[in-house]
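Novice: My questions will all concern the structure given below.
Here, each number is a calculation from the coordinates, and none is a lab measurement. Keep in mind that what you see is a predicted model, and the values were worked out from it rather than measured. Methodologically, a virtual Cβ is constructed for each residue, glycine included, from the backbone with ideal geometry; neighbour enumeration extends over all protein chains shown.
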Amino acid sequence: MRTLQGLVDTVARKRGKPITLTRAPLPPEVSGFCARGQDRDFIVVDSHASELTQLHASLHELFHLWEEHPAEDSTRQPMSEDVVRQLLPGLKPGPVLQVLTRSHYEEAHERRAEAFATVMLERHLQLRSDQHQTGFLTSVLSHRRSGV
C-alpha cells in the first residue's frame, strides 16, 4: 500500500464496514481520535495541525481500529457532548468521549499505535523522497506552522 487511503480500505475490509476520515478543529491537546459506529467507523484529525501531524494522527487512530482494544474509563472530557454530536452525528457522545480521554502513552496499546504510526510515516516519507529525490522534506518543513 502506497497511500493512506489504501491502508484505510484494508482496515475497513478487515472490520467489514467503511471508515470515514474527517478533519475538524479539535482542542489543542487532541490531534485525533477514532470512533466505532454500528455501520461505519470514524477517524477525526485536527484540521489545524500540519500535514505530517494529520497523517501521523490518522495512522495512529487507524491502528486503534485495526487492533480493536477496549477504551478505558475516564472522567476527563476534552470537549462537550454537543461538539461530539456535531462532529459525529449518530454516535453516542459517551463512548466517543471515553476514547478522547484515554491516556496518551501510559497503556501498551497506545505505545503500539504510536510505534505503528511512526514507522508508517517514516516509510511514507522515504517513498515520497525516493520519488522526488530532492526538495520534498525541505518543502514540507518550510510549510510547518509554529507550535506544531
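Novice: Please list 3J(HN,Hα) in residue order for the stretch 109-118, calculated via the Karplus relation 6.51 cos²θ - 1.76 cosθ + 1.60 where θ = phi - 60°; whole Hz, with x for glycine and proline.
Specialist: 5, 5, 5, 5, 5, 5, 5, 4, 4, 5
Novice: Lys and Arg at +1, Asp and Glu at -1: add these up for the other residues within a Cβ distance under 15 Å of T22 and post the number. Spell out each step's value before the answer.
Specialist: Values: positive: R23, R36, R40, R85; negative: D41, D46, E61.
Summing Lys and Arg as +1 and Asp and Glu as -1 gives +1.
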